[in-house]
Amino acid sequence: MIIEIMFKEPIYVTRPLLPKLHEVCSRLDQVWESKWLTNNGPQQHKLEEELKKYLQAENLSLFNNGTLALLLGLKALDITGEVITTPFTFPATVQALDWNNLTPVFCDIEPTTLTLDAAKIESLITDKTSAILAVHTFGNPCDVEQIQAIANKYKLKVIYDGAHVFGAKVGGHPISKFGDMTMFSFHATKLFNTVEGGGLVYHDANLSETLNQLKNFGIANSDEVKISGLNAKLNEIQSVIGIEVLKMIEDERHKRHEIKRVYERNLAEIPGISVLTKLEGENSSYQYFVIQIEEELYGKSRDMVFEKLKEFNVFTRKYFYPLCSDFQWYKHLESARKENLPFAQKAVKQVLAMPFYGELQLESVEKICKVIRDFI
Ligand code: T4K
């Protein structure tokens, strides 16, 4: 049995979408010719225009990664004091708050989508709260209507960490329509990648000038440095990769859709295993395929499944582990107390991101599911 299923090559949680090298090279010729490598070059402009169309975004600003995009986006919005956010996210979300001297106020997640529980936000608002920073976890959209209603009532800004929702829609609208600003990550592990990269989509066109300055040392013109910025620019080589990868997205989405179906079919009858990323078609970003393992029903814990799959050369990921509220530097916060975050505490022990990328063979997916089935 083991010999039959064992994978010769490691199977990872994801693999980057890579364009044909010769196609990248022919576009790189233009970069070499121009000798313009970074700082607001023509390739970056082209990518920006194409992404605006793809994301149906009025305003888009590109950055050298999603973390700096979020960090500088918060600064551009002039967020102060306390920000209500989720503990169940990648460290980058809360670290963007830290670097702005903002205090996270952790709010529990709701158990079906693992996104911020909108019903619990209001009780955490104080006179220091200036924003809600919510995450569309694994592509599951937050309760955008409810969050906006609370934000309107208390005059709070809403920022979405949309690292996992490139190209997804909610009720027919692009997901970045909701909130004041949405961050997208273009890291190598994301559906759309520029090797490293990120973008902000925002409604207030007046922010463009500030964002351009913030990612370029705060330089306003040859005589003036207006604000304290950083170097967070996307370069021309990254932009070239992005232009070529964007052409492949629809095909990749289609392949991931097929893979998702095979997972769902093969995992359907297993007690204690449920699929967290259920959305399809235009509503799905096809970023991750994530399952939840209930030990009481399945008989084995998430960590045991993680280790078992490793024996077969399959490397799943425990996204997001550990919880951000358990980081050393947040432990003193009242909102970080375990008893305040019961669903996040549960999710962090149960969630597993499975291998999910277009090149993954359907037969491999069946084998992975068989390991999970036979492990009971
Ligand atoms: N907010 C959220 C909710 C996020 O999930 C993230 C990033 C951010 C914000 C920040 O956005 P960025 O600043 O990164 O743009 C990965 C990614 O590095 C990270 O971007 C991503 N989330 C996170 C969920 O996953 P790791 O530590 O799991 O990466 P790593 O290197 O272990 O890669 C995972 C697997 O992918 C590898 O086992 C194999 C495969 N891989 C990876 C790379 C880098 C490849 O096949 N090729 C590669 O080049 O964080």
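For I109, which sequence-distant residues (separation of 5 or more, or a different chain) have an amide H within less than 5 Å of its own amide H, given hydrogens modelled in the peptide plane?
Hits under the 5 Å cutoff: D117, F343, A344.
Evaluate the charge dipole of the chain about its Cα centre and quote only its size in Debye, nearest 20, assuming +1 on the Cβ of each Lys and Arg and -1 on the Cβ of each Asp and Glu.
380 debye
Among the lysines, which fall within straight-line cross-link reach of K120, defined as a Cα-Cα distance under 19 Å, with same-chain neighbours fewer than 8 residues apart omitted?
List returned: K128, K153, K155, K157, K338, K346.
Beta carbons within 10 angstrom, averaged per residue: use that to sort the peptides 69-79, 253-263, highest first.
Put in order of decreasing packing, that is 69-79, 253-263.
Report the FRET efficiency, 1/(1 + (r/R0)^6), for M6 and K318, where r is their Cβ-Cβ distance and R0 is 35 Å, rounded to 0.05.
The computed FRET efficiency comes out at 0.95.
Quick check on my link table: of K215/K247; K177/K260; K310/K370; K177/K318; K52/K247, which ones sit more than 20 Å apart, alpha carbon to alpha carbon?
Listed pairs above 20 Å: K215/K247; K177/K260; K177/K318.
Could you go through the stretch 75-84 in sequence order and give the Karplus-derived ³J(HN,Hα) for each residue, using 6.51 cos²θ - 1.76 cosθ + 1.60 with θ = phi - 60°, rounded to whole Hz, and x for Gly and Pro?
Going residue by residue, I get 5, 4, 7, 6, 6, 9, x, 10, 10, 7 Hz, with x marking Gly and Pro.
When the Karplus curve 6.51 cos²θ - 1.76 cosθ + 1.60 is applied with θ = phi - 60°, which whole-Hz ³J(HN,Hα) does each residue of the stretch 126-143 get, with x for Gly and Pro?
After applying 6.51 cos²θ - 1.76 cosθ + 1.60, I find 10, 6, 9, 5, 10, 7, 10, 10, 10, 10, 7, 4, 6, x, 6, x, 5, 6 Hz.
Under 5 Å between amide H atoms, partner at least 5 residues away or on a different chain: which partners does Y12 have, H built in plane at 1.01 Å?
Distant-sequence amide H within range of Y12: F315.
Could you work out [θ]222 nm for the chain from helices alone, using -39500 (n - 2.57) per DSSP H run of at least four and dividing by all its residues? Round to the nearest 500 deg cm²/dmol.
-11000 deg cm²/dmol
Cut-off is 10 Å between beta-carbons; in what order do M6, M248, M354 appear when sorted fewest neighbours first?
The fewest-first ordering by Cβ neighbours comes to M6, M248, M354.
With a point put 7 Å past each Cα toward its Cβ, work out how far K52 is from Q328 in nm, to one decimal.
Computed distance between label sites K52 and Q328 equals 4.5 nm.
Could you give the dipole magnitude of the stretch 1-81 about its Cα centre, charging the beta-carbon of Lys and Arg +1 and that of Asp and Glu -1, in debye to the nearest 20?
Once rounded to the nearest 20, the dipole reads 80 debye.
Among the trypsin sites (Lys or Arg not before Pro) in the stretch 113-199, which ones are in a DSSP loop with at most 16 other Cβ atoms within 10 Å of the Cβ? Mind listing them?
K128, K155
No lab work stands behind these numbers, since they all come straight from the coordinates. Computed from a predicted structure; not experimentally measured. Ideal geometry is used to build each Cβ from the backbone, glycine not excepted, and the neighbour counts take in all protein chains shown.
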